[in-house]
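Step one of this worksheet: look at the structure below.
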Amino acid sequence: MDLQLAGKRVLVTGASKGLGLGLVRAFTDEGAKVVAVARRSTPELDATGATFVAADLTRPDGPRRAVETALEADPRPRRGRQQRRRRQPARRGLR
C-alpha cells in the first residue's frame, strides 16, 4: 500500500514495543523518516532504523523534551516569508 509518506516526518510515542513498534515499522516501510519516542530502546526498535529519542512522557517535562530532541535530530525546514503569509481578502471599494 502506498500512503505517499516517503520523505514525511513522523513522531511515534510508545515506540519500543507493541502497537507503537508496529507503527514505527509501518511508517518506515512507507518511506517516512520516523522519530521513535520511548523510555528505553529495544533491539527490535533499533532494527527499524528509526531515530530513537529517550523520554518519559509521564513526567511534566517529557513531551517538551521529546519534541525538542526530535527537532534537534531533524530540524524542520524554515519556510519562506511568502509561505507564511496568509492570503488577504480582496478589498472592496465604496460605490
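Read the figures in this text as sums done on the coordinates, not as results from a lab. Everything numeric here is computed off the predicted structure, so don't read it as measured data.
Points worth noting:
- For Asp29 and Met1, the difference between the fully extended length at 0.36 nm per residue and the C-alpha to C-alpha distance is 9.1 nm.
- A straight chain from Leu71 to Lys8 at 0.36 nm per residue would run longer than the Cα-Cα distance by 21.3 nm.
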